[in-house]
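Each remark here refers to the structure printed beneath this line.
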Protein chains: 2
Amino acid sequence: MFIHFICFRGGIVIGARDRNNDKYHRILEASVKVFADHGFHQSTVSQIAREAGVADGTIYLYFKNKEDILVQIFNYKTTQIFERFREVVDSAENPVEKLRNLIRRHLQEFQQDRNLAVVYLAETRQINRVMEDQIKVMSKMYFDLVAEILEQGQQDGHFRKALYLGLVKRHILGSVDEVISTWLHADGEYDLVSMADPLVDLFINGIGT
Amino acid sequence: MFIHFICFRGGIVIGARDRNNDKYHRILEASVKVFADHGFHQSTVSQIAREAGVADGTIYLYFKNKEDILVQIFNYKTTQIFERFREVVDSAENPVEKLRNLIRRHLQEFQQDRNLAVVYLAETRQINRVMEDQIKVMSKMYFDLVAEILEQGQQDGHFRKALYLGLVKRHILGSVDEVISTWLHADGEYDLVSMADPLVDLFINGIGT
DNA sequence: AAATAAAATGAATGTTCATTCATTTTATTT
DNA sequence: AAATAAAATGAATGAACATTCATTTTATTT
């Protein structure tokens, strides 16, 4: 765990205080933009450096290598986003509203940071990557949050008992991700967050009569 | 449309008869495997050639360039798969069964050809690519098929009228894709097709009581 | 204000790989 | 069985690019 908060310089480990350095964040944000525009593998370190306004070599003072930038993006952003997910889930008092808040916030986050959405959606669907384990951990966080809501909803009778919870979790996340993906492909021409209520309606009531 | 059925040799266009050549298909299948194992951008033409048992240069007798291989994979495979989707949808007599058949077949196809599933899921989530338009066309085929089922179901009272169809289509496809994705990440250790019925249940009845 | 340390630079390096094409092999025609 | 055409080969080419590191710039300490 701690390894994520350590970076290297000339083979010497330097501490987390550098995390406060704005150059680290400048590079992170620049990378999100460049990765979103060109995809991870077509992005060059020089492009990132130019976008961040630093020299190519400077990148390697803050990141082990190109892939480490992606790892750091996921770590940093996911941590932040999940804190906000937690907040809105906890602020609702019944499971239906918890689910609605979660999904609304989920859409909000990605509408707010379109580049992150592009990177996130593209990279979470890659198999056989060094990232894979990290992605699993992050998915699990989301799934656990949904599971918590679902179980609570089953107990207090909002949701029916005969549910294959493992499947319901995938069903919800997949549905939301696809809605985000379509929005991205449409160049964000409409309000993504407005999809939240109709989506929750589908989750809860289905399409049947 | 026709452009997809033409390939080049030394700058001279040769006809579709070469499509019957087994080398074309050998290269296609080899590419699916290599792309699945390493991802498109990390795959080298030499790897594909080795896997297909041909020389590097031979690839360029059948494909314009590396990306063209990916385009051809999508064209060829998608056409085939959609024919079978059409079949199973038409063979059912009511909308609920049509939907169930579609989803079951969808899962079947990808369970049968795991490598294709890997390539398909990874590449459909890429934005800003030459592929993008082609992917839109393919998604549209799927969406149109689902729309047809949904509208029919609304007319004969199986599905409720107050549905945002555009959203329902994304909801269904996204859910199915995520289920496939999870199965892939789990190394295909369980039967994917068995998810079909529980999924359809979720689509139709939702999770509410 | 020297001296030392830390941070940043960007040109140079070495590797990787898509693509080409001169040559060889195989198939078809005369 | 020549002659011609088509298909296939794989070594060579050259461009792209991640990473390194000798040097310079900036900050801190004595």
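The values are calculated or read from the model by the stated rules, or taken from the named source; none is laboratory data. Note that the structure is predicted; figures quoted are calculated from it, not measured. Neighbour counts are summed over all protein chains in view; Cβ atoms, including those assigned to glycine, are modelled from backbone coordinates with ideal geometry. All accessible areas refer to the heavy atoms of the entire protein, side chains included, with ligands and DNA or RNA removed. Shrake-Rupley method; radii C 1.70, N 1.55, O 1.52, S 1.80 Å.
Please name the residues of segment B:140-173 whose accessible area, counted over protein heavy atoms with a 1.4 angstrom probe, falls by no less than 10 Å² between the chain alone and the full protein assembly.
Output list: B:Phe143, B:Gly157, B:His158, B:Phe159, B:Arg160, B:Leu163, B:Tyr164, B:Leu167, B:Val168, B:Arg170, B:His171, B:Leu173.
Angle check, please: helix B:66-91 long axis (alpha carbons) against the longest principal axis of chain B (alpha carbons), in degrees 0 to 90, nearest 10.
30 degrees
About the Cα centre of the protein assembly as shown, how large is the charge dipole given +1 on each Lys and Arg Cβ and -1 on each Asp and Glu Cβ? Please answer in debye to the nearest 20. Can you show the working numbers first?
Values: 50 positive and 58 negative charges, 168 e Å.
Taking the Cα centre of the protein assembly as shown as origin, the dipole is about 800 debye.
Rounding to the nearest 20 debye, state how big the charge dipole of chain B is about its Cα centre with +1 on each Lys and Arg Cβ and -1 on each Asp and Glu Cβ.
About 580 debye.
How would A:Val71, B:Val130, A:Val89 line up by accessible area, probe 1.4 Å, largest first?
B:Val130, A:Val71, A:Val89
Please list, short to long, the whole-number percent of alpha-carbon pairs of the protein assembly as shown in consecutive 10 angstrom bins beginning at zero.
That works out to 4, 20, 29, 25, 15, 6, 1, 0, in percent per bin.
Given contacts defined as C-alpha pairs under 8 Å and at least six residues apart, what's the relative contact order of chain B, whole-number percent?
Reported relative contact order: 19 percent.
Would you check the accessible area of A:Lys169, probe 1.4 Å, heavy atoms only, in square angstrom rounded to 10?
That residue has around 40 Å² of solvent-accessible surface.
With every protein chain left in place and a probe of 1.4 Å, what is the accessible surface of A:Tyr190, to the nearest 10 Å²?
The value for A:Tyr190 is about 70 Å².
Hey, could you grab the Kirkwood Rh for segment B:31-178? Inverse mean 1/r over distinct alpha carbon pairs, Å, one decimal.
16.9 Å
What is the sum of charges, Lys and Arg at +1 and Asp and Glu at -1, for the other residues whose Cβ falls under 10 Å from the Cβ of A:Leu70?
That sum, taken over residues with Cβ under 10 Å, equals -1.
Using heavy-atom solvent-accessible surface (probe 1.4 Å) with all chains present, what is the largest-first order of B:Thr124, A:Thr44? Present the calculation step by step, with values, prior to reporting the outcome.
On the way: B:Thr124 25, A:Thr44 65 Å².
The ranking, largest first, comes out as A:Thr44, B:Thr124.
Under the rule of -39500 (n - 2.57) per DSSP H run of 4 or more residues, summed and divided by the residues of chain B, what mean residue ellipticity at 222 nm is obtained, to the nearest 500 deg cm²/dmol?
Roughly -22500 deg cm²/dmol at 222 nm, from the helical runs in chain B.
Please state the shape class of segment A:165-209: rounded when a/c is under 1.5, otherwise prolate if a/b exceeds b/c and oblate if not, all from the C-alpha gyration tensor.
Cα axes put segment A:165-209 in the oblate bin.
Select from segment B:51-96 those GluC sites (Glu not before Pro) which occupy a DSSP coil region and have at most 13 other Cβ atoms within 10 Å, ordered by residue number.
B:Glu93
What is the interface area between chains B and A, defined as buried accessible area summed over both chains with a 1.4 Å probe, reported in Å² to the nearest 100? Walk me through the numbers on the way to the answer.
Numbers: alone 11500 and 11590 Å², together 18350 Å².
It comes to approximately 4700 Å² buried between B and A.
Hey, if you put +1 on the Cβ of every Lys and Arg and -1 on every Asp and Glu Cβ in segment A:67-209, which of A:Gln108, A:Val179, A:Met141 ends up farthest toward the positive end of that dipole?
A:Met141
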